[in-house]
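Peer 1: Can you keep this structure in mind? I'll have questions shortly.
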Number of protein chains: 2
Amino acid sequence: MLKEERQQILLNEVELHNRILLTDIAESLDVSIDTIRRDVKELDAENKLKKVHGGAISLGFTNSNSRNTNIYALEEKVIIAQKAVTLLKDGAVIFIDGGTTCMELVRLIPDNLNLTCFTISLPVAMELSHKPNVTVISIGGQISKEAQISIGANAIHNLSEIRVDYSFIGTGYVDAVYGLTEFDWDIVQVKKAVIKAAKKTVLLSISEKLNSQHRYKTCDINTINTMITELEPSDRMLEVFRNCDIRIL
Amino acid sequence: MLKEERQQILLNEVELHNRILLTDIAESLDVSIDTIRRDVKELDAENKLKKVHGGAISLGFTNSNSRNTNIYALEEKVIIAQKAVTLLKDGAVIFIDGGTTCMELVRLIPDNLNLTCFTISLPVAMELSHKPNVTVISIGGQISKEAQISIGANAIHNLSEIRVDYSFIGTGYVDAVYGLTEFDWDIVQVKKAVIKAAKKTVLLSISEKLNSQHRYKTCDINTINTMITELEPSDRMLEVFRNCDIRIL
DNA sequence: ATATATTTTGCTGTTTTTTGCAATTTTAAA
DNA sequence: TTTAAAATTGCAAAAAACAGCAAAATATAT
């Protein structure tokens with residue numbers, strides 16, 4: 001295999017998942033980890049990606065949620081997404097939030113599934129548009145440069161005029177007592193509108209975010225109808241949430 | 001075997017597989033590896049492929065795979081985009097259409113320029129969101145899978161409520177007599193709304209599209225205030241347009 | 001046709017690049 | 001703090017590139 005090939009595969013993987021683990025790539029390409037490490041170092045020097053401890057992340061991703069995002073959590077997010085797709089019924093009308101976990105959900109939507117999807121996220125809309133049987137409706141508004149989602153009064157107004165079966169949302173922080181919270185005020189406002197626009201709200205959150213909180217509150221925990229984490233529903237970490245009238249997958 | 005023959009086989013292989021290994025080719029053509037090495041060196045010098053350690057890769061290898069930049073008529077589109085950026089004034093409020101030519105315009109927007117940009121295109125919105133001093137507003141609506149732009153009643157309604165200084169638009173076909181035309185009815189409707197929303201409309205079009213027409217009409221040619229092609233304004237191909245009260249760049 | 005020049009090709013030894021390994025240092029998580 | 005994973009460094013083996021040379025093939029001139 002040519003070096004260029006390998007590096008191209010690296011870039012594709014980074015672009016696809018926003019992040020890679022050196023060990024995973026080394027194993028799947030059957031080369032030593034040192035080789036991958038050197039490749040990543042070169043690509044970083046060429047400004048094609050950003051090297052981080054243990055892996056690499058895409059450039060567009062560096063400034064966005066760097067502190068909020070753990071490159072190791074890819075597997076967890078895929079597990080969550082796999083659970084979430086089981087909720088999708090043919091012909092459903094749903095909303096999909098931005099964020100990497102929701103993005104994994106979108107990638108796992110089977111090609112034969114008929115859906116109508118609303119979203120505020122530009123990357124999600126782009127990815128959805130490749131699904132042949134999904135009708136995509138983008139919610140317009142001012143674009144948040146960090147999150148690449150529509151925010152502001154216009155987005156909220158547009159959301160006020162729709163009603164979907166399910167909303168699949170992410171959150172910055174979640175806690176049984178303080179509910180869903182965010183770092184950013186504008187994002188909270190949009191999320192509130194998203195929740196209001198849905199008959200049922202499904203929260204996708206890696207366990208790492210459980211029992212954490214921040215400045216601004218999106219909603220109480222019992223506003224959420226279903227919570228999906230990568231943990232087993234019986235995990236004792238989820239005990240506090242089990243008393244909140246939430247279905248846990 | 002003739003040298004030219006061998007080099008043509010090399011190029012075909014590169015085109016077909018995007019990459020070749022010198023050892024493989026040498027073996028399958030039953031010549032020494034040095035010969036292949038020399039061939040590749042020549043072809044590289046002629047810019048027919050790119051020589052790398054151990055083999056060769058096709059010229060578009062790095063670009064085409066990572067970014068989906070359509071290299072078709074790229075040169076011309078960059079020239080057009082360069083002319084278009086000169087129209088951008090600090091603090092302007094503009095609309096940018098979808099399409100590869102408009103995408104090039106976005107890429108050339110200088111980082112220090114303050115702008116407010118409306119767009120119906122998902123890729124344009126994504127690219128714009130990387131510009132630090134550009135406020136991006138995405139016009140929502142149903143997403144056209146082919147064009148990756150918002151179409152439909154909602155998009156048109158949203159456009160009806162804005163008024164920008166300049167609209168930069170592309171078109172499928174343009175003709176002095178038949179005006180701007182498209183293959184797709186829905187896209188025509190959105191473009192009409194875009195033009196209505198702008199004080200001045202700037203058409204970006206490669207010369208290849210001049211004097212071509214299709215089924216559905218967006219607008220008359222004199223609705224356009226400025227037309228930008230990659231040709232010199234004095235080019236005789238533009239003569240027919242010069243009588244239409246259009247500024248030609 | 002013959003001799004000469006030019007190009008092409010394969011071979012040899014040398015240099016460079018790539019890659020994997022081991023020892024050590026650094027980093028980050030418990 | 002402790003500990004495990006990851007990064008770094010130096011090194012050596014293997015693969016590839018390179019330069020120079022000579023033989024073979026082709027072209028050109030006499």
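Peer 1: Pairs only if they're at least six apart or on different chains, beta carbon under 8 angstrom, first in region B:39-54 and more than 10 Å from chain A (Cβ to nearest Cβ) and within 12 Å of B:GLN7 (Cα to Cα), second assigned to a loop (DSSP other than H, G, I, E, B) and modelled with pLDDT under 95; list them, first residue then second.
Peer 2: Taking only residues 6 or more apart or on different chains, the pairs are B:VAL40/B:LEU49; B:LEU43/B:LEU49; B:LYS48/B:LEU59; B:LEU49/B:SER58; B:LEU49/B:LEU59.
Peer 1: Give the residues of region A:1-28 that are more than 14 Å from chain B (Cβ to nearest Cβ) and polar (S, T, N, Q), sorted by residue number.
Peer 2: A:THR23, A:SER28
Peer 1: Scan region A:43-52 for residues that are exposed (fewer than 14 other Cβ atoms within 10 Å of the Cβ) and within 12 Å of DNA strand D (Cβ to nearest atom) and jot them down.
Peer 2: A:ALA45
Peer 1: Let me ask something additional. Inside region A:5-24, can you point out the residues that are within 11 Å of DNA strand D (Cβ to nearest atom) and in a helix (DSSP H, G or I)?
Peer 2: Within region A:5-24, A:LEU22, A:THR23, A:ASP24 qualify.
Peer 1: Considering region A:136-158 alone, what residues qualify as being more than 7 Å from chain B (Cβ to nearest Cβ) and free of Cβ contacts under 8 Å to residues at least 40 places away in the same chain?
Peer 2: A:ILE151, A:GLY152, A:ALA153, A:ASN154, A:ALA155, A:ILE156, A:HIS157
Peer 1: Those residues that are open to solvent by less than 60 Å² (accessible area, probe 1.4 Å) and at pLDDT 70 or above, I need them from region B:67-84; list them, please.
Peer 2: Passing the criteria: B:ALA73, B:LEU74, B:LYS77, B:VAL78, B:ILE80, B:ALA81, B:LYS83, B:ALA84.
Peer 1: Here's something else I'd like to know. Taking the residues in region B:94-135 that are polar (S, T, N, Q) and closer than 20 Å to B:LEU203 by Cα as candidates, determine which candidate is farthest from the other protein chains (Cβ to nearest Cβ).
Peer 2: B:THR101
Peer 1: Exactly one of these conditions fails for A:VAL14: (1) within 9 Å of DNA strand C (Cβ to nearest atom); (2) open to solvent by less than 20 Å² (accessible area, probe 1.4 Å). Give me its number.
Peer 2: (1)
Peer 1: Give me a count of the residues in region A:85-118 that are surrounded by fewer than 21 Cβ atoms within 10 Å (Cβ to Cβ) and within 13 Å of the chain's Cα centre (by Cα).
Peer 2: Final tally of qualifying residues: 2.
The values are calculated or read from the model by the stated rules, or taken from the named source; none is laboratory data. If you're wondering where the values come from, they're calculated on a predicted model, not measured in any experiment. FYI the Cβ positions are ideal-geometry reconstructions off the backbone, even for glycines, and counts take in every protein chain you see. Protein only, heavy atoms only, side chains kept; ligands, DNA and RNA dropped before computing areas. Shrake-Rupley method; radii C 1.70, N 1.55, O 1.52, S 1.80 Å.
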